[in-house]
1. Please identify the pairs in which a residue from region 7-25 that is over 18 Å from Val40 (Cβ atoms) has its Cβ atom under 9 Å from the Cβ atom of a residue that is open to solvent by 70 Å² or more (accessible area, probe 1.4 Å) and at pLDDT below 90, counting only partners at least 6 apart or on another chain.
2. Take Glu5 and tell me if it is in a helix (DSSP H, G or I), open to solvent by 60 Å² or more (accessible area, probe 1.4 Å), modelled with pLDDT of 90 or more and not aromatic (Phe, Trp, Tyr).
3. Which condition does Thr18 not pass, out of (1) modelled with pLDDT under 90; (2) open to solvent by less than 70 Å² (accessible area, probe 1.4 Å); (3) among the hydroxyl-bearing types (Ser, Thr, Tyr), if it passes all the others?
4. For Ala177, only one of the following conditions fails: (1) open to solvent by less than 30 Å² (accessible area, probe 1.4 Å); (2) modelled with pLDDT of 90 or more; (3) in contact with a Leu (Cβ under 9 Å, 6 or more places away or on another chain). What is its number?
5. Output yes when any residue across region 144-165 is without any contact (Cβ under 8 Å) to a residue 40 or more places away in the chain, within 19 Å of the chain's Cα centre (by Cα), in a loop (DSSP other than H, G, I, E, B) and farther than 17 Å from Glu87 by Cβ, and no when none is.
6. Hey, does region 30-41 have a residue that's surrounded by 15 or more Cβ atoms within 10 Å (Cβ to Cβ), modelled with pLDDT under 95, among the hydrophobic types (A, V, I, L, M, F, W, C) and not in a helix (DSSP H, G or I)?
7. Within region 48-64, how many residues are of a type in the set (A, V, I, L, M, F, W, C), in a helix (DSSP H, G or I) and surrounded by fewer than 21 Cβ atoms within 10 Å (Cβ to Cβ)?
8. Restricting attention to region 159-168, which residues are exposed (fewer than 15 other Cβ atoms within 10 Å of the Cβ) and in contact with a helix residue (DSSP H, G or I) (Cβ under 9 Å, 6 or more places away or on another chain)?
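The values are calculated or read from the model by the stated rules, or taken from the named source; none is laboratory data. It should be emphasised that the depicted structure is a prediction, and the values quoted were computed from it without experimental measurement. So basically every Cβ, Gly included, is an ideal-geometry build from the backbone, and we count neighbours across all protein chains shown. Each accessible area value is taken on the protein alone, full model and side chains, heavy atoms only, with ligands, DNA and RNA left out. Shrake-Rupley method; radii C 1.70, N 1.55, O 1.52, S 1.80 Å.
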Amino acid sequence: MTPTEAAAEPRRRDAAATRQALLRAARRRFAGTGYAATTVREVADEAGVNVALISRYFESKEGLFAACLADAVEELRRTTGEITFAEVPEAIAAQIAGTGADGRPNEVLMLLLRSSGDERADAIRRRVLRSYAERLVAASGGDPGDDEAVLRGEVVLAASMGVVMLRSSGLEPLVSAGAEDLVGPLRDLVGALLTRGPGG
């Protein structure tokens, strides 16, 4: 192995870890302070890498935000999986009540609430949110191609995201409510909106 090959080997081996470190740092920043207030230098500093690597792995700040969204979507898929309609309120409550070690609201949900100002990244965010509304409709036995049914699913999502926002504002007793406290109200909401027949 030549000296050049030897020098390149650690970079290849560490590329995936570096990319993940950048994604973790960016997710924390974007979820916590929003897209506009986050700089790529802050993300790189938090990840402990050279800022030029953001361009190398993600092309731009917009590309980094889009990658964070894709990573968040994959995490939601892993954590929620395929659930039955009866399990929907518990799954939503667990996501809402989930907090990080610093007590801040669920990072994935906060990321989905953040607009980037970049149309490409925001289009991804809107597609993700619509797909989850469609999953709610499908879980309820409805037709995910029916816009009226999807609207009701989106209202469930909007209410759930609103709970996340209000919890982050410190509103009591909402902020102190655990998943078990949220299940009942969410079950009422989900049942009222997603078990209606057409035109009901």
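1. Between residues of region 7-25 that are over 18 Å from Val40 (Cβ atoms) and residues that are open to solvent by 70 Å² or more (accessible area, probe 1.4 Å) and at pLDDT below 90, the close pairs are Glu9/Met1.
2. Considered against the rule, which asks whether it is in a helix (DSSP H, G or I), open to solvent by 60 Å² or more (accessible area, probe 1.4 Å), modelled with pLDDT of 90 or more and not aromatic (Phe, Trp, Tyr), Glu5 comes out as no.
3. Every condition holds for Thr18 apart from (1).
4. (3)
5. no
6. So far as region 30-41 goes, no, none of its residues is surrounded by 15 or more Cβ atoms within 10 Å (Cβ to Cβ), modelled with pLDDT under 95, among the hydrophobic types (A, V, I, L, M, F, W, C) and not in a helix (DSSP H, G or I).
7. Adding up the residues that qualify gives 2.
8. Of everything in region 159-168, those that are exposed (fewer than 15 other Cβ atoms within 10 Å of the Cβ) and in contact with a helix residue (DSSP H, G or I) (Cβ under 9 Å, 6 or more places away or on another chain) turn out to be Met165, Leu166.
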